[in-house]
Each structure stands twice: as structure tokens, then as C-alpha cells.
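S.K.: My questions will all concern the structure given below.
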Amino acid sequence: MTAKLSSIALLAALTTAATAQTTPKATTTTPHHATAAKTATTPPNIPKVVGLPRPLYTLRYIDTKIGTGAPAEERKYYTVHYTGWLTNGTKFDSSFDHPGGEPITFPYGAHRVIIGWDTGFQGMHVGGKRRLFVPYQLAYGESGRPPVIPAKADLIFDLELVAQSDTPPQPKTPPTAPESPQKTAPTTPTTPTTPTTPTTPTAPTTQTTPTTPTTPSTPTTPTTNPPHPETL
């Protein structure tokens with residue numbers, strides 16, 4: 001009887017030992033350690049608070065192609081192809097749908113685009129492609145851009161960083177029309193000079209009236225009369 005009880009007691013002890021070995025102990029953390037973990041990143045001279053920082057709104061992304069060009073840099077002009085959708089799958093814009101299918105260029109970080117774009121290219125390389133998930137707070141805000149972008153609309157973009165440069169691209173000028181071979185324009189014939197009006201001939205000078213010949217003086221009567229033939 002005693003041996004039987006001893007066997008039962010030994011079995012119970014073995015069972016208890018086995019249970020203790022197979023059942024993991026619950027992990028406990030003292031309040032001191034928890035507080036230390038939560039406040040470990042607090043810089044010196046700043047009052048400590050208990051708690052972990054939580055994101056308010058953040059960008060999310062998936063790199064679908066890693067570019068082989070230069071890494072994206074701040075304060076550069078980015079040339080980008082893009083397509084944008086609403087979260088219900090509605091496409092609202094695409095650079096490929098623009099005239100000529102040309103990419104757009106904008107100064108990165110200069111607040112010329114939505115906030116999500118001003119930070120959403122970090123870590124990319126030229127030639128890379130990325131899907132960017134933009135919360136409405138970093139897009140068009142609470143008001144949206146009706147009727148295309150509803151209020152509080154989260155957006156999804158497919159982006160391709162085509163190029164980056166220090167200066168904006170020069171506007172493309174249309175090709176100039178080929179010039180026609182220059183022909184010497186015929187000179188305008190000079191207007192013939194109007195013949196000078198012939199001068200009016202001067203009136204002939206009035207002929208001087210011939211002087212009236214002087215009346216011959218009456219011959220004086222000779223003092224001696226000629227002989228009279230009867231008197232000889």
C-alpha cells in the first residue's frame with residue numbers, strides 16, 4: 001500500500017514537472033522598465049512624458065522600379081510622369097493624357113505641388129518608379145477640388161522620375177518655317193521727271209520807232225537872180 005502511494009506521489013511530481021517545462025511563463029514588464037522604454041528617446045533638458053508617439057497622417061509608398069540614375073536631391077527641378085487615381089479607382093489625371101504625352105517639370109520642395117509630392121520622391125533615383133499613397137491631409141485637404149477631387153479624398157499616384165536638373169527646362173520653340181529663296185525685288189521704276197515747262201519766250205523788244213527824218217531846210221534864195229535870157 002505504501003509503495004502504491006509512493007508511485008502515485010512520484011507520478012504527480014513528474015506530471016507537475018512536465019507541466020512546468022511545457023507551459024511558458026508569462027512575460028511581465030515592470031512599470032519602471034515600460035516607462036524607461038517609452039521615454040528613452042526624450043532628449044535631455046526636455047520634460048519626460050509617458051507614452052509612444054503616434055503618426056497623425058503619413059505617406060506610404062511602394063517602389064515598383066529602382067532607378068539607376070542619380071539619387072533624387074532637394075531643390076532640383078524634377079521632370080515626372082504620373083497618373084493619379086481616387087481610392088475608388090477613378091483616374092482623375094495623367095501626364096500621358098496631356099497633349100503630346102509630355103511629362104511635367106516642377107521645383108521639388110518649393111510648394112508648387114501638393115505636400116505629398118513635395119516629400120514623396122525622397123529616396124528615389126532617376127529612372128525609378130513609385131506608387132505613392134497620399135492621405136487627404138497631404139493632398140487637397142478637407143475641401144478637395146470639386147468636381148474632380150472630392151472632399152477629404154485620399155489619392156494614389158504612379159510616379160516616374162524621368163530627370164532632374166538645376167535649372168528649369170527651356171520652353172520648346174516651334175520649328176521655324178524654311179525661308180523662301182530670297183529674290184531681289186525689282187526696283188520700282190523711277191518716275192520720269194516731268195519735263196520742265198519751256199520758258200515763255202521773251203517778247204521781242206519793241207522796235208524803236210525810226211526817227212522822223214528832219215525836214216530839209218528850205219534852200220535859201222540866191223541873192224542874184226539868174227540872167228534872164230531876154231535881157232542878154
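None of the figures in this text is laboratory data; all of them are computed from the coordinates on show. What you are looking at is a predicted structure, and each value in this text was computed from that prediction instead of being measured. Note that we place each Cβ from the backbone using ideal geometry, even for glycine, and neighbour counts take in every protein chain shown.
S.K.: Karplus couplings for the stretch 85-102 from phi (6.51 cos²θ - 1.76 cosθ + 1.60, θ = phi - 60°), rounded to Hz, Gly and Pro as x?
M.R.: 10, 7, 5, 8, x, 7, 7, 10, 6, 7, 5, 5, 8, 6, x, x, x, 7
S.K.: Which shape class applies to the stretch 98-148: rounded if a/c is under 1.5, otherwise prolate when a/b exceeds b/c and oblate if not, where a ≥ b ≥ c are the square roots of the Cα gyration tensor eigenvalues?
M.R.: In terms of gyration-tensor shape, oblate.
S.K.: Also: Treat the count of other C-beta atoms within 10 Å as a stand-in for reagent exposure and order Trp117, Trp85 from fewest to most.
M.R.: Starting with the residue having the fewest Cβ neighbours, the order is Trp85, Trp117.
S.K.: Provide Val50, Val148, Val80, Val134 in ascending order of the number of other Cβ atoms located within 10 Å of each residue's Cβ, fewest first.
M.R.: Ranking Val50, Val148, Val80, Val134 by Cβ neighbours within 10 Å, fewest first, gives Val50, Val148, Val80, Val134.
S.K.: Quick check on the exposure proxy: order Glu74, Glu160 from fewest to most C-beta atoms within 10 angstrom. Spell out each step's value before the answer.
M.R.: Values: Glu74 8, Glu160 20.
Least to most surrounded, the residues fall as Glu74, Glu160.
S.K.: Hey, could you get me the Stokes-Einstein D for the stretch 60-165, Kirkwood radius over alpha-carbon pairs, 4 °C and 1.567 mPa s, rounded to whole µm² s⁻¹?
M.R.: Roughly 93 µm²/s, to the nearest whole number.
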